[in-house]
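Read the structure below first, then the notes.
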Amino acid sequence: MVRTPFVGRAAAMERLTAALDAAASGRGTTVLAGGEAGIGKSRVAAELTVLARDRGWLVLTGRCLDLVGAGVPYLPIAEAIRSLRDPSAPSNGPSVSPALSRLVADLTDPVGTLEQRPHEGDAQARLLADVRALLDAVSAETPVLLVLEDLHWADSSTLDLVTFLAHVVSDSRVLVLATYRSDEARPEDPLQRLTTSLLRARAATALDLGPLTDAEMTALLEGISKDPVLTGTIVQRAEGNPFYAEELYAAATRGEPDLPYALREMLLQRAARLDPRSRTVLRTAAAAGRDVSYGLLAAVVPLAERELQDALRSAVDQFLLIPDQDAGTFRFRHSLLAEAVYQTLLPGEREAVHARLAETLCEQPHLAAAGLVASDLAHHWAAAGRPVEALAASVRAARGAEALAGPAEALRHAEMALTLWPRVPDPDDVAGTPLVALLDWAAELAYLTGNNGRAAEIIERAIDLSDVGVDPNRAGSRFERLGTYLLPAGRREQGLAAFRRAVELVSAGPPSAERVRVLAALGNALLLSDSYDESRQACQQALDLAAAIGDRRSAFRAADVLAADLCYLGRLDEGLAMLFAACEPDPERNTSPYQLRPYVHLSDVLVMAGRLPEAIRVAYEGLMTARRLGVERGVGTVLASNLAEALLGTGDWARADDVLTTALRNGGTFWSHYPHIQRAQLAIWRGEFDTAREHLRSGAQAALEPPTAPFHAILHAELAAWEGRIDDAASAVDEALRQAESIGVVSSRPHSCAIGLRVESDRTRLAIAGRDAATVDKARRRAGQLLRDARRSARPAATSRPDAAAWLAMAEAEHAGVEGSPNPHLWQAAVTAWKDLDRPYGVAYCQWQHAAALALAGSTAADTTAAARAAHQLATRLGAEPIRREVELLAQRARLDLVGIRRFERTGAPSPLGLTAREDEVLKLLGRGYTNRQIAAELTISVKTASVHVSHILHKLGMSRRLEAAAIAHRLTTSAD
């Protein structure tokens, strides 16, 4: 199994580190680390072992074993000290006394040894004294960490030894770490008495290792899993237990059942200790659900009250069930344990148990957990093989769940009803609704929970069952829903076709709410296709119709889309005012689509308009509303993406990462490419290029959607530029410009041109170094075209995107570099433009380029150093590793003091400049800012020879200054990497 990262135990390691420090100074202690099986006790011990060894400590480790019959006395301490005389073991401590052999023999054969002594108590006392003497002798030379694992399997003699050591190590350089399963320790057990007495006497301290949080479990699994949906499922099922999570992941990757055999058997070990009656009670509880009331068990299990109570007591004592006195219920210690027990029910037995549970709940509904009678009945009747009763209960349960704002739970019951439908005579009467209505309802529930593909499948079935000629308006409404479901799933063309079909079917005769809705839906699809004017016309027509019939609710969607259209058409203030008003509380906007659409449009427009703090507030409010309404996997995905985009812009990358991680883990198909492309942007800025590639692949649908296609191409260009793949970067820039041209949008063109000019600047430098005049000429012609495009598009783009001026400033500065004259003033103007927008990443990038231009222009060391330091500090704060690395390399080349800079070493292929091997070595050292004297010392040559090599390099490269050659050395290395 792949080793997972060590996460979530910062507080525990802090305490253990403090215990190490105390023991090193002669204040030894014993730490009792307890937790359930699989919670990570051994991992904590292993991490402490590494830490201790790194500090030069002697580490002794011994384990108790789960043996059949009586345990072996002193087994863990024997194993621990045996390593001291093992010649094959690494030695990081002193040799021990000759008494060691006898002591190990005593420990490994204590019975034989004790039989040869007149008094067993005296023998044990002498043995304990020998162990203490040994630890004292060893710790006198080096501190000792003694790790004793799995004390829940220890014999009484070993527990006596642990008690003894806990009382005597306090004045030595010894730290004892003992681990045990706290869920195995019952009040009457010797282990429980030991822990209680030691803690009461303050001879030991307790370290309770509880479950990891969901965030910690996610971090644990992200070290091995690339599937956020699988990660989220395992996090939910494992409930904070790292071992369970690792086993579930391994089973999933091997295609094994949901509950792998090995884990199932481990979970059932304790249940196997119960008597037959107790196991019957446990199986009934598993069938009833994780939480089950005492009254329900008493009514279903065929046992006398006293027998039932004894059986429950046994299950509680074995830590299989946890009682809740206030609620009068019992809960399985872990949901996976309930699954494992449920799987032990035999065919026939399972159906009978569920039937008894359902019949009892029909007669006594108050026994259902948390009052979920319909939900429990639907589950039990279905599991009992009673489809008629199950269908009726499933429909009731779906209605109840929807009323409680639980669309995911409602969908589960509606799907069950659809499955049961063919198995029931007269299902319309049983369900109380016709099939087509059930399909309409289930499709909408699937849409609200982000299952767009499934929603489309269901509504297409409803369309097939309906007669267009009988009710064209209703059929048109179904086509409108089909388009609504297809659009966020990336099927834009099919979605647009469905919307246009809906408009055809719904009569344009007498004004109707249905006509308003289909026109508004078409307008929304056109908005998402960047056809803003056509969208505006459709929405205005819808609003006029709504006014004619006096139906305000049917006009909500049209009004929201129209407001967004106005923003994108340059009427920003007017559109924003409408969207802000739509986000105000309104009792008529009491369903999730009506409540959330204004937040989506408003946050998106605010991001576009550069009003990022407002966008963060609006997107966060919308996301919290989506979460409250149970549609986080649906429209919440878009809100999360808008929130993350704004957070990235303001430099709050950690929070953006958290938001995107949650959105990706939630899964769903509702505009699912949005969080991927935002995560790709973050990864590029952080220098996590492999991660960026993965998210660009996962978010490939963005390349097919008009609003995101140019940005998706820009991200590919930026990634390729950082990696030195100049041709790939240039092709991606061309694609971004082509996409913008195809949809008639100029807002992204200044950004694309600025990236393109950066690429041509890199190409020009390398071509000059290689004396490739044709490539230089071609790059400069291309750069001229890009600059003209940036200048033409910046003004119209600025009507909707204030960052257009900053991209133009960058384009002007990059172009100067292409022409061979880096201009510090142009880069300073770009720095100022990004500062005015409060976009720290743009500031950091331009500060780096400003410092580089100052160095090449021969500016004062003070000015160049100040610019470089500002860039380095900001890049470091952001976590923008590529920029930070570039500034450090610049500092090495120009010999700037960044205060505490670490040297950045780079390896890679030699530059293809026709240099000799020695000249190539010299060029690399020039790239690190070496003087001729330093080069001579590094290569063991004379200073004069080093100077000759530098002169030859400058001549071959057609350059007059060594700093220019150093920059080329770095660029070539970047391309090679």
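Given Leu939, Leu954, Leu923, Leu874, which one is at pLDDT below 90 and buried (at least 19 other Cβ atoms within 10 Å of the Cβ)?
One residue alone meets the criteria, Leu923.
Out of the stretch 308-348, which residues are without any contact (Cβ under 8 Å) to a residue 40 or more places away in the chain, surrounded by fewer than 19 Cβ atoms within 10 Å (Cβ to Cβ) and part of a helix (DSSP H, G or I)?
Gln309, Asp310, Arg313, Val316
Of the residues that make up the stretch 673-685, is at least one at pLDDT below 90 and surrounded by 24 or more Cβ atoms within 10 Å (Cβ to Cβ)?
Yes, the conditions are met somewhere in the stretch 673-685.
Might you let me know whether the stretch 591-599 holds any residue that is modelled with pLDDT of 90 or more and more than 16 Å from Tyr674 (Cβ to Cβ)?
For the stretch 591-599, residues modelled with pLDDT of 90 or more and more than 16 Å from Tyr674 (Cβ to Cβ): present.
Determine which member of the set Asp658, Asp652 is modelled with pLDDT of 90 or more, acidic (Asp, Glu) and over 14 Å from the mean Cα position of the chain (by Cα).
Asp652
Determine the pairs where a residue that is polar (S, T, N, Q), located within the stretch 767-789, has a partner that is not in a loop (DSSP other than H, G, I, E, B) with Cβ atoms under 7 Å apart, the partner being 6 or more residues away or on another chain.
Qualifying pairs under 7 Å: Thr775/Arg763; Thr775/Ala767.
List pairs: first in the stretch 569-580 and on the phi < 0 side of the Ramachandran plot, second part of a loop (DSSP other than H, G, I, E, B), Cβ under 8 Å, 6+ apart or cross-chain?
Short answer, once both residue conditions are applied: Leu572/Ala609; Leu572/Thr799; Leu572/Ser800; Leu576/Ala609.
Is it true that Leu874 is of a type outside the set (Ser, Thr, Tyr), in contact with a helix residue (DSSP H, G or I) (Cβ under 8 Å, 6 or more places away or on another chain) and over 21 Å from Ala829 (Cβ atoms)?
Spelling it out, it is not the case that Leu874 is of a type outside the set (Ser, Thr, Tyr), in contact with a helix residue (DSSP H, G or I) (Cβ under 8 Å, 6 or more places away or on another chain) and over 21 Å from Ala829 (Cβ atoms).
From the list Val631, Val638, pick out the single residue that is of a type in the set (A, V, I, L, M), outside any helix (DSSP H, G or I) and surrounded by 24 or more Cβ atoms within 10 Å (Cβ to Cβ).
Val631
Within the stretch 156-185, track down each residue that is assigned to a strand (DSSP E or B) and either of a type in the set (Val, Ile, Thr) or modelled with pLDDT of 90 or more (or both).
Across the stretch 156-185, the qualifying residues are Val174, Leu175, Val176, Leu177, Ala178, Thr179, Tyr180.
Got at least one residue in the stretch 194-212 being closer than 30 Å to Arg679 by Cα and of a type outside the set (Gly, Ala, Ser)?
yes
Among the residues of the stretch 432-447, are any touching a residue at least 60 places away in the same chain (Cβ under 8 Å) and under 18 Å from Ser477 (Cα atoms)?
yes
Please report, ordered by residue number, the helices (runs of 4 or more DSSP H) entirely within the stretch 391-468 with at least 1 residues that are under 15 Å from His379 (Cα atoms) and not aromatic (Phe, Trp, Tyr).
407-420
List pairs: first in the stretch 792-804 and buried (at least 21 other Cβ atoms within 10 Å of the Cβ), second among the charged types (D, E, K, R) and part of a helix (DSSP H, G or I), Cβ under 9 Å, 6+ apart or cross-chain?
From the stretch 792-804, the pairs are Ser793/Arg749; Ala794/Arg749; Ala797/Arg749; Ala804/Arg749; Ala804/Arg795.
Among helices (runs of 4 or more DSSP H) lying entirely in the stretch 764-854, which contain 2 or more residues that are hydroxyl-bearing (Ser, Thr, Tyr)?
In the stretch 764-854, 773-798 are the helices (runs of 4 or more DSSP H) which contain 2 or more residues that are hydroxyl-bearing (Ser, Thr, Tyr).
Which pairs have Cβ atoms under 6 Å, sit 6 or more apart or on different chains, and link a residue in the stretch 159-177 that is on the phi > 0 side of the Ramachandran plot to one that is surrounded by fewer than 20 Cβ atoms within 10 Å (Cβ to Cβ) and modelled with pLDDT under 90?
Between residues of the stretch 159-177 that are on the phi > 0 side of the Ramachandran plot and residues that are surrounded by fewer than 20 Cβ atoms within 10 Å (Cβ to Cβ) and modelled with pLDDT under 90, there is no close pair.
Of the residues Glu265, Glu188, which single one is surrounded by fewer than 18 Cβ atoms within 10 Å (Cβ to Cβ), modelled with pLDDT of 85 or more, closer than 24 Å to Gly35 by Cα and not aromatic (Phe, Trp, Tyr)?
Glu265
Test Ile726 against the criterion of being closer than 25 Å to Cys753 by Cβ, more than 15 Å from the chain's Cα centre (by Cα), crowded, with 19+ Cβ neighbours inside 10 Å and at pLDDT 90 or above, and give yes or no.
yes
Give the residue, chosen from Val229, Val301, that is surrounded by 17 or more Cβ atoms within 10 Å (Cβ to Cβ), touching a helix residue (DSSP H, G or I) at 6+ places or on another chain (Cβ under 9 Å) and either of a type in the set (A, V, I, L, M, F, W, C) or free of Cβ contacts under 8 Å to residues at least 12 places away in the same chain (or both).
Val301
Name the residues in the stretch 744-791 that are buried (at least 20 other Cβ atoms within 10 Å of the Cβ), over 30 Å from Pro707 (Cβ atoms) and of a type in the set (Ser, Thr, Tyr), would you?
Thr764, the sole residue that qualifies.
Looking at (1) assigned to a helix (DSSP H, G or I); (2) at pLDDT 55 or above, find the lone condition where Gly121 falls short.
Every listed condition holds for Gly121 apart from (2).
Select from the stretch 263-296 the residues that are in contact with a helix residue (DSSP H, G or I) (Cβ under 7 Å, 6 or more places away or on another chain), closer than 18 Å to Glu239 by Cα and in a helix (DSSP H, G or I) and list them in ascending order.
Correct list: Leu263, Arg264, Leu267, Leu268, Ala286.
Can you tell me which residues in the stretch 692-747 are small (Gly, Ala, Ser), under 22 Å from Ala805 (Cα atoms) and touching a residue at least 60 places away in the same chain (Cβ under 8 Å)?
Gly744, Ser747
Mind listing whichever residues of the stretch 559-585 are within 28 Å of Ala403 (Cβ to Cβ) and surrounded by 15 or more Cβ atoms within 10 Å (Cβ to Cβ)?
Ala559, Asp560, Ala582, Cys583
Go through (1) surrounded by fewer than 22 Cβ atoms within 10 Å (Cβ to Cβ); (2) at pLDDT 70 or above; (3) touching a strand residue (DSSP E or B) at 6+ places or on another chain (Cβ under 8 Å); (4) among the small types (Gly, Ala, Ser) and name the single condition Gly34 misses.
It is condition (1) that Gly34 fails.
On the given criteria, is Leu357 at pLDDT 90 or above, surrounded by fewer than 19 Cβ atoms within 10 Å (Cβ to Cβ) and in contact with a helix residue (DSSP H, G or I) (Cβ under 9 Å, 6 or more places away or on another chain)?
It is false that Leu357 is at pLDDT 90 or above, surrounded by fewer than 19 Cβ atoms within 10 Å (Cβ to Cβ) and in contact with a helix residue (DSSP H, G or I) (Cβ under 9 Å, 6 or more places away or on another chain).
Would it be correct to say that Ala52 is touching a helix residue (DSSP H, G or I) at 6+ places or on another chain (Cβ under 9 Å), more than 19 Å from Pro242 (Cβ to Cβ), in contact (Cβ under 8 Å) with a residue 12 or more places away in the chain and assigned to a helix (DSSP H, G or I)?
yes
Yes/no per residue for (1) of a type in the set (S, T, N, Q); (2) closer than 17 Å to Ala538 by Cα; (3) out of contact with any Ser or Thr (no Cβ under 9 Å at 6 or more places or on another chain):
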{"position": "Val468", "(1), (2), (3)": "no, no, yes"}
{"position": "Leu486", "(1), (2), (3)": "no, no, yes"}
{"position": "Ala489", "(1), (2), (3)": "no, no, no"}
{"position": "Arg500", "(1), (2), (3)": "no, yes, yes"}
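The values are calculated or read from the model by the stated rules, or taken from the named source; none is laboratory data. Remember, predicted model here, so these are calculated numbers, not experimental data. Reconstructed Cβ throughout: ideal geometry from the backbone, glycine too, with neighbour counts over all protein chains shown.
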